[in-house]
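Shown next, in structure tokens, is the structure this report addresses.
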Amino acid sequence: MTGQALGKVLLAGLPLLAVSALVAWQAGQLPLKGRVIVPDAEPSSCEAPLKFKVAFPDGPAPLQAISTEPQRHTFMGNSWLTADICRPGTLRVVGEGQVAGGAAPQLRVALNSKVIWVGKFSEKREVLIPVPAAGHLTLGYFNDFYRSEYRNAALEQLKLIAAGCDTFEMDVPPDAGGTWNAQNRSVGWLFAPSLTLKPCAAGMLHFRASGRTAGGKSATLEFSQGGKVLGKVLLSEAAQPLSLAIGSGPLHIRILDPYFKELGDRNLTLQEIHFSPVK
């Protein structure tokens with residue numbers, strides 16, 4: 001699974017406590033606000049050959065230029081390519097799409113916010129699109145779709161009560177598919193690699209645990225320390241308050257029965273993008 005695809009999974013199902021920290025994983029599920037085509041703009045610069053830049057809805061980062069030649073781009077989430085052209089011409093696009101959710105990915109081409117071409121890519125195809133004037137050219141992909149079924153686990157409001165201290169560190173490996181929110185002392189994750197909690201001393205760990213049901217059941221968490229299993233908990237979607245007596249060594253927390261099934265992922269790959277101005 002790619003990082004972007006994993007990001008779709010994470011944002012689609014993790015509890016709210018984890019979502020804010022996972023926005024950087026992807027831009028595909030962010031809803032478009034207002035117009036789906038960028039506002040009218042006069043060409044500020046005209047490159048030869050034309051170079052497109054990538055933009056995302058609600059994206060705070062500056063536009064990212066496509067560096068490949070010939071230019072190509074895979075839309076894995078709602079986003080668009082943009083460039084300024086100084087003359088009319090022909091836009092050549094070779095694209096291939098992944099059909100999911102009963103629909104094919106759709107490309108919308110606009111000049112100065114006016115849509116000049118709309119087409120679907122259920123298989124590989126080449127299209128030649130007349131561009132009638134100079135202006136701000138946009139290639140937009142706005143019907144992204146992703147669905148998956150999976151179990152997850154979440155621990156909230158972790159609190160350690162120990163003699164002389166109450167602090168701990170939480171290590172969440174990248175391949176666990178989750179994140180630690182230090183401010184809220186909460187963590188959510190999806191996959192089998194163990195989380196490691198390092199307490200300042202032996203004591204009592206208090207928390208609330210919950211998990212999403214998939215494949216007919218919820219996940220079971222295992223807590224172990226020093227090679228010894230301290231306990232197992234079958235999660236439910238309703239958070240349950242729990243307490244666990246732990247020693248001073250690292251506490252390992254893992255999902256015993258992770259489950260993931262992809263149900264659909266609609267993407268659009270533009271294998272070649274080339275603009276030929278009139279001579």
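The values are calculated or read from the model by the stated rules, or taken from the named source; none is laboratory data. Since the model is a prediction, treat every value here as computed from it, not as a measurement. Cβ placement follows ideal geometry from the backbone for every residue including glycine, while neighbour counts extend to all protein chains displayed. Heads up: the accessible areas ignore ligands, DNA and RNA and are worked out on the full protein's heavy atoms, side chains in. Shrake-Rupley method; radii C 1.70, N 1.55, O 1.52, S 1.80 Å.
Using a simple spin-label model with points 7 Å from Cα along the Cα→Cβ vector, what separation in nm is obtained for Glu272 and Leu244?
5.7
Taking one equal scatterer on every alpha-carbon of region 173-231, how large is log10 of I(q)/I(0) by Debye at q = 0.15, 0.25, 0.28, 0.30 1/Å?
Ignoring solvent entirely, the Cα scatterers give -0.56, -1.47, -1.55, -1.52.
What translational D, rounded to a whole number of µm²/s, comes out for region 111-216 from Stokes-Einstein when the hydrodynamic radius is the Kirkwood one over Cα pairs, at 10 °C and 1.306 mPa s?
The Stokes-Einstein estimate is 85 µm²/s.
All other residues with a Cβ under 14 Å from the Cβ of Pro130 taken together, and with Lys, Arg as +1 and Asp, Glu as -1, what is their net charge?
Overall, the nearby charge balance is +3.
Stretch Asp171-Lys159 to full length: gain in nm at 0.36 nm per residue minus the Cα-Cα span?
2.8 nm
Between Glu237 and Leu263, what length comes free when the chain is fully extended (0.36 nm per residue of separation minus the Cα-Cα distance, one decimal in nm)?
7.2 nm
Once the whole set of protein chains is in place, how much accessible area is left on Cys200, using a 1.4 Å probe, in Å² to the nearest 10?
Estimated to the nearest 10 Å², Cys200 gives 60 Å².
With θ set to phi - 60° and the Karplus curve 6.51 cos²θ - 1.76 cosθ + 1.60, what are the ³J(HN,Hα) couplings of region 116-130 in order, to the nearest whole Hz, using x for Gly and Pro?
Each residue of region 116-130 in turn: 10, 7, 9, x, 9, 10, 8, 8, 5, 8, 10, 10, 10, 10, x Hz.
Give the calculated FRET efficiency between Arg208 and Lys279 to the nearest 0.05, with a Förster radius of 51 Å applied to their Cβ-Cβ distance.
It comes to 0.15.
Taking the square root of 5 times each eigenvalue of the Cα gyration tensor, what semi-axes in Å does the equivalent ellipsoid of region 158-279 have, largest first?
40, 19, 13
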